[in-house]
Amino acid sequence: AQILSWAPRGHDDMLWCSPVSPLGGGKAIRGGIPICWPWFGRQGVEASAPQHGIARTAPWKVAFAQARDAGSVALSLVPEDTALHALRIELMFEIGATLTQALKTTNTTDAPVMLTQAFHTYFRVGDASRAAIVPDIDPASPRARTAPRRAERRRRAARATASAFPARRCAPLP
């Protein structure tokens, strides 16, 4: 399950997708809002494990759907294969004039289970070479001194990515 496109009424698409990313076929899509679950990167798992976990390429099914006021829709999705992992995941959306997304993870065992999860959002920006993510850091913290260098590295990486991968609108396979 992955949101590939979201364009609020009267606005352009807010999300970006790589023009070389495969669409469908159980392959990870680079763009939209992938779900990284139950690990991010390959933290704490073997090197052959899928990058960013199993959720983004697993088949999902609708567990709940409801039309809401002002044309929005609420959805809850769960993986089709509930034996994927010792943890259970539920993905909840509300899509309309705004987009709200949440993950609910439940440990189905009596033992602690390692978990990292994230939404790996690819925002569409007009000029990636001028875009920056500014962290909300306490100016007195040690991280505040290194934040400008990290931001410059991100800007350089964004420029390289923007030139190598122009935007395209993602759409599911027919």
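Rounded to the nearest 10 Å², what accessible area does Met14 have for a 1.4 Å probe in the complete protein model?
80 Å²
Enumerate the amide H contacts of Trp60 below 5 Å, restricted to partners 5 or more residues apart or on another chain; note that Pro and chain-start residues carry no placed amide H.
Answer set, sorted by chain and number: Glu80.
With a 1.4 Å probe and all protein chains in place, put Arg42, Arg9 in order of accessible area, largest first.
Sorted descending by solvent-accessible area, the residues read Arg9, Arg42.
Among Ala86, Gly96, Met114, pick out the residue whose Cα is farthest towards the positive end of the charge dipole of region 57-133, where Lys and Arg carry +1 and Asp and Glu carry -1 on C-beta, about the Cα centre.
It is Gly96.
Within a Cβ distance under 9 Å of Pro59, other residues only, what is the Lys/Arg minus Asp/Glu net charge? Show your work: numbers first, answer last.
Working: positive: Lys61; negative: Glu80, Asp81.
In short, -1.
Express in whole angstrom the spacing between the alpha-carbon centres of region 92-130 and region 1-65.
Cα centroid of region 92-130 versus Cα centroid of region 1-65: 10 Å apart.
Can you give the local net charge around Ser76? Use residues other than it whose beta-carbon is closer than 11 angstrom to its beta-carbon, Lys and Arg +1, Asp and Glu -1.
Values: positive: Lys61, Lys104; negative: Glu90, Glu94.
Local charge sum for Ser76: 0.
Please work out the ratio of the alpha-carbon Rg of region 1-133 to 2.2 N^0.38 Å and round it to two decimals. Could you put the intermediate results ahead of the total?
Values: Rg = 16.0 Å, N = 133, 2.2 N^0.38 = 14.1 Å.
It is 1.13.
The values are calculated or read from the model by the stated rules, or taken from the named source; none is laboratory data. Only a predicted model underlies this, so the values are computations on that prediction, with no experimental measurement involved. No Cβ is skipped: glycine too gets one built from the backbone with ideal geometry, and neighbour counts run over all protein chains shown. Side chains are part of the model used for accessible areas, which takes the heavy atoms of the whole protein and leaves out ligands, DNA and RNA. Shrake-Rupley method; radii C 1.70, N 1.55, O 1.52, S 1.80 Å.
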